Amino acid sequence: MDKKKSVVALIVKGKKVLIGKKRKKKGKNRDGAWHIPSGKIKEGERRKEALEREMKEELGEDSSIKILEFLGRYETQKGVASWYKCSFSGKISPASDLEEAVFVSGKKAFEICGRRSGEWPQIVKKMLKCL
């Protein structure tokens, strides 16, 4: 069985990081949960393409990200996530996947989203503590 492949955007703006609240959908396991924006890579899609597509789906068509740094890959039994540090421009208009998106301190992001931090690369944990 192939492992799920995904991309994660650690979007920073000054000393803040973007987190999003998942839109409630029937049958989804993360309904209403706050998370670092992420998404699955589709068949035949490159990671950068997936990252850009997923951020449009989460943050709206008027949003744009720029990859600043590849932070690493983290593998679990379920899949592999490629993490990127990104900058953001444009307007945040929570789209189909999110009901809300806000910039918060790294510490606050870790407090809110950190229940899944066992799945995060060490560099991400260190960065959030510094923001």
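Considering only region 71-92, how many residues are surrounded by fewer than 16 Cβ atoms within 10 Å (Cβ to Cβ) and either of a type in the set (Asp, Glu) or touching a helix residue (DSSP H, G or I) at 6+ places or on another chain (Cβ under 7 Å) (or both)? Give the derivation first.
The first filter runs over region 71-92 and keeps only residues surrounded by fewer than 16 Cβ atoms within 10 Å (Cβ to Cβ), leaving 72-73, 75-80, 87, 89-91.
Applying the additional criterion that residues be either of a type in the set (Asp, Glu) or touching a helix residue (DSSP H, G or I) at 6+ places or on another chain (Cβ under 7 Å) (or both) yields 72, 75-76.
Counting residues in region 71-92 that are surrounded by fewer than 16 Cβ atoms within 10 Å (Cβ to Cβ) and either of a type in the set (Asp, Glu) or touching a helix residue (DSSP H, G or I) at 6+ places or on another chain (Cβ under 7 Å) (or both) gives 3.
Within region 57-70, work out how many residues are of a type in the set (A, V, I, L, M, F, W, C) and surrounded by 14 or more Cβ atoms within 10 Å (Cβ to Cβ). Spell out how you get there, then give the answer.
Within region 57-70, the subset of a type in the set (A, V, I, L, M, F, W, C) is 59, 65, 67-68, 70.
If we keep only those that are surrounded by 14 or more Cβ atoms within 10 Å (Cβ to Cβ) as well, we get 59, 65, 67.
Of the residues in region 57-70, 3 are of a type in the set (A, V, I, L, M, F, W, C) and surrounded by 14 or more Cβ atoms within 10 Å (Cβ to Cβ).
So, Lys15, is that one surrounded by 13 or more Cβ atoms within 10 Å (Cβ to Cβ) and in contact (Cβ under 8 Å) with a residue 24 or more places away in the chain or not? Break it down stepwise before answering.
Values: surrounded by 13 or more Cβ atoms within 10 Å (Cβ to Cβ): no; in contact (Cβ under 8 Å) with a residue 24 or more places away in the chain: yes.
Judged against the criteria, Lys15 is not a match.
When you check Glu54 against the structure, is it within 20 Å of Lys22 (Cα to Cα), surrounded by 15 or more Cβ atoms within 10 Å (Cβ to Cβ), touching a residue at least 12 places away in the same chain (Cβ under 8 Å) and touching an Asp or Glu at 6+ places or on another chain (Cβ under 6 Å), yes or no? Talk me through it step by step, then tell me what you get.
Numbers: within 20 Å of Lys22 (Cα to Cα): yes; surrounded by 15 or more Cβ atoms within 10 Å (Cβ to Cβ): yes; touching a residue at least 12 places away in the same chain (Cβ under 8 Å): yes; touching an Asp or Glu at 6+ places or on another chain (Cβ under 6 Å): no.
When the stated conditions are applied, Glu54 does not pass them.
Bear in mind these aren't lab numbers, they're just calculated from the coordinates by the rules spelled out. Note that the structure is a prediction, hence the values are computed from the model and not measured. Note that each Cβ is placed from the backbone with ideal geometry, even for glycine, and that neighbours are counted across all protein chains shown.
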